[in-house]
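The structure appears right after this line, and notes come after that.
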Amino acid sequence: MKDIAETAGISVAAVSMILSGKGKMSASVVDKVRSIAQELGYERNQTGSNASRRNFKYVAILQREMVSYLWNFSIPFALLLEEQVMEKGKNPIVFHVPAHYTPKMLFKEIVGARVGAVFSLHYVERDLFTDLEAAGIPVIIINNSEYQNEYFSVLSDNFQASYEATLHVIDLGHRRIGYADYKRPEYAALVADRYYGYRRALEEKWIEYNDEHLISVVISDHDSLLARVRNIYTAPAAPTAWVVHDDFFAACLIEALKAIGKRVPADVSVIAAGGDVLDYSLPFIPKITTMKGDQRLMVSMAWSLLESRLQSASAAVQVLKTKMILMDRGSCRFDMD
C-alpha cells in the first residue's frame, strides 16, 4: 500500500480509503489509485458477508504508555475491555506494545493470532492501522483524540470537561482563575481542547482572561514550575483557583503552591480538567477534585461502534464522545474574599 501511495503522491490513509470505497475523493484520483494498484498487483483482502465478518474468536486490545503514571489510568480501561469482550463471547488478547516494535512486527502478531477486531487504548500507529483495515480487521481507537478524523474512535469530551471544571470553581465564587498545563506535543488536540474549554467558560461568565495567570512548562522541570508559581503570587490579584490539565500535574502544582506557603484548598482551589490518573487509594496521594472519564460507558460504546462496523460498512469515519463526571475530592472551596 505504501508503494501505491508513493506512486500516486498521496497518503497511505487516502489509498486505504479509496481501495475500501470510503471517503470523498475526486474521480480522477480514485481512478489513478485503482490503476496503480492493478499495475502493482495489489489485491485487497475482502471481508465477505456480514455474517463472516462477525465469525471470529479473538479481539486484540493494544496498550502502550510512554510515561509511568498513565498506567494507573489505562490498566482499568484494559480490564473493562477484557470483561466486555468476554461478555460478547469473544476471547481478548492484550498486547502491551513494546517501544521497539515496528508496525510490521505487530501486524504479523495480530494477523497470526487470527484476530478479527482491534481496540487500541491511547496507542496509535498509522501504518499498522492502515494495514489492519486493508486486511479487513476493523480498528477502534479509545481515548486518543489526535486521530479522530482518520479512525473510528470513542473519546471523552475534553473541551466540555474543562468547561465544566471551570464553571465549578466559578460557581464557588472564584473570579481570578488561572490555568496550568504542560508540554504534550504528541497530544496537541487534547491540550488545546482543555485550554479552550477553560477559555469558553470564562467568556460565557464575562470573566476576563489574564495571560499572566497561565502556566505551561515541561512536566519534569519542577524548578521552572516553582519559579513560575512564585512569580505569579508575588504580583497583586493572584489566582484564587486553578484549572489544571490533569490531576498528575495538579499534584505537581499543589507541591509548588505548598512551597510558597499556599494551602489547598484553604488558600487556593485546584481542579483537574481531566485525567484521574492518580491512584487515590494510596494515603500519600493528594485528594484532587477532577473531571473523570466514564470508562465503563466508553467501553460499551466502543463495542457498539465495532458491531455497527461489522454489520455495515460506513463511508465516513464515526466518532463517539462522552461527558466526564465531576469527582469532588475536596480540593476546591468557596472563595471567601
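The values are calculated or read from the model by the stated rules, or taken from the named source; none is laboratory data. All figures in this text were calculated on a predicted structure; none of them were measured in a lab. For neighbour counting, all protein chains shown are included, and Cβ atoms are generated from backbone atoms with ideal geometry for every residue, glycine included.
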Hits in region 227-256 (condition: farther than 22 Å from ILE170 by Cβ and within 28 Å of the chain's Cα centre (by Cα)): ARG228, PHE248, ALA251, CYS252, GLU255, ALA256
Is it the case that VAL118 is under 17 Å from TRP71 (Cα atoms) and outside any helix (DSSP H, G or I)? no
Testing CYS332 on (1) over 16 Å from ALA161 (Cβ atoms); (2) in a loop (DSSP other than H, G, I, E, B); (3) touching a residue at least 24 places away in the same chain (Cβ under 8 Å), one condition comes back false. Which one is that? (1)
Single unsatisfied condition, ILE285 versus (1) among the β-branched types (Val, Ile, Thr); (2) in the same structural domain as SER216 (by TED's automatic domain parsing); (3) buried (at least 20 other Cβ atoms within 10 Å of the Cβ): (3)
Taking the criterion of being free of Cβ contacts under 8 Å to residues at least 24 places away in the same chain, under 29 Å from VAL244 (Cα atoms), in a helix (DSSP H, G or I) and not assigned by TED's automatic domain parsing to the domain that holds ALA313, would at least one residue in region 133-156 satisfy it? no
Here the residues within region 51-108 that are charged (D, E, K, R) and part of a helix (DSSP H, G or I) are ARG53, ARG54, GLU82, GLU83, GLU87, LYS104, LYS108
Which is under 20 Å from ASN143 (Cβ atoms), of a type in the set (S, T, N, Q), outside the structural domain of ARG184 (by TED's automatic domain parsing) and buried (at least 19 other Cβ atoms within 10 Å of the Cβ), of SER74, SER68? SER74
Within region 121-132, tally of residues that are assigned to a helix (DSSP H, G or I) and surrounded by fewer than 21 Cβ atoms within 10 Å (Cβ to Cβ): 2
Among the residues listed as THR240, THR234, the single one being closer than 17 Å to GLY330 by Cα, hydroxyl-bearing (Ser, Thr, Tyr) and not assigned by TED's automatic domain parsing to the domain that holds ALA316: THR240
Matching residues, region 212-241, being in contact (Cβ under 8 Å) with a residue 40 or more places away in the chain and either assigned to a loop (DSSP other than H, G, I, E, B) or under 14 Å from TYR182 (Cα atoms) (or both): ALA237, ALA238, PRO239, THR240
Unique match (being touching a Pro at 6+ places or on another chain (Cβ under 8 Å), surrounded by 16 or more Cβ atoms within 10 Å (Cβ to Cβ) and outside the structural domain of ASN143 (by TED's automatic domain parsing)) among VAL277, VAL264, VAL270: VAL264
Could you pull out the residue among ALA235, ALA227, ALA241 that is more than 22 Å from LEU62 (Cα to Cα) and either of a type in the set (Phe, Trp, Tyr) or buried (at least 17 other Cβ atoms within 10 Å of the Cβ) (or both)? ALA241
Within region 136-149, is even one residue at positive phi and buried (at least 20 other Cβ atoms within 10 Å of the Cβ)? yes
